[in-house]
Amino acid sequence: MERKFDIIVVGAGINGKVMSLAAAHQGFSVGLIDQKKIVEDTLQKFDGRAYAIAFSSVQMLKNLDLWDKISETAQPVLNIKVSHGTLEGGPFSSNITFKNADIEESPMAQMVEDRYLRQCLSSEIKKNNLVEVIDQKQIGQIIDYNEKKQLILS
């Protein structure tokens, strides 16, 4: 079966789903390909996974109308302490601390649990008629026609 897309995104993890939604937000048709079976991410039990989402990434999620769907589950990162050391010697005495009060763009980041982010992205992908999910396939061959490409999936 032949299908045409403006953009192909390979990999339906968090980044692949966000990039697919971003392209669709700009009006592009997107084929989202993953070699694994893509199951709808329903809200799972807490498993400890979470992400610190930087200020600029939160802005992107806002622009894509995604942030409001997960913001109630997020927690702000108000201070960041960076230190380094070795396993044998422990932490070195030098470190740097970033405080929320010292930064114009506040908060510096937001902590979001993996389960909420995945569920939100899956739900939005499912509703978006510009994104077509193609799972259990991988790119077997790319045929170059100058400005256009043909992908043969296997």
Worksheet item: What does the helix-only formula give at 222 nm for the chain: each DSSP H stretch with n ≥ 4 adding -39500 (n - 2.57), the total divided by the residues, and the result rounded to the nearest 500 deg cm²/dmol?
Response: -7500 deg cm²/dmol
Item to complete: Count the lysine pairs in the chain whose Cα atoms sit under 17 Å apart, keeping only pairs 8 or more residues apart in sequence or on different chains.
Response: 17
Worksheet item: With contacts defined as alpha carbon pairs under 8 Å and 6 or more residues apart, what's the relative contact order of the chain in percent?
Response: 31 percent
Worksheet item: What are the semi-axes of the equivalent ellipsoid for region 1-56, taken as the square roots of 5 times the Cα gyration tensor eigenvalues, largest first, in whole Å?
Response: 25, 17, 9
Worksheet entry | 5 angstrom amide H check on Ile53, placed H, neighbours 5+ away | Gln110, Met111, Val112
Discussion item. Could you tell me the center-to-center distance, by alpha carbons, between region 78-92 and region 7-75 in angstrom?
Written reply: 31 Å
Worksheet item: Given 0.36 nm per residue, what is the gain on full extension from Glu104 to Asn79 after removing their alpha carbon distance, in nm?
Response: 7.7 nm
Worksheet item: Given a cut-off of 22 Å, what percent of all Cα-Cα pairs of region 74-154 lie beyond it?
Response: 64 percent
Practice prompt. Would you mind finding the longest exposed-site-free stretch of the chain, with exposed trypsin sites (Lys or Arg not before Pro) meaning DSSP loop and at most 16 other Cβ atoms within 10 Å?
Written response: 50-136
Worksheet item: Using the eigenvalues of the Cα gyration tensor, what equivalent ellipsoid semi-axes result for the chain when each is taken as the square root of five times the eigenvalue, whole Å, largest first?
Response: 36, 19, 16
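Here, each number is a calculation from the coordinates, and none is a lab measurement. Since we're looking at a predicted model, the values are computed, not measured. Reconstructed Cβ throughout: ideal geometry from the backbone, glycine too, with neighbour counts over all protein chains shown.
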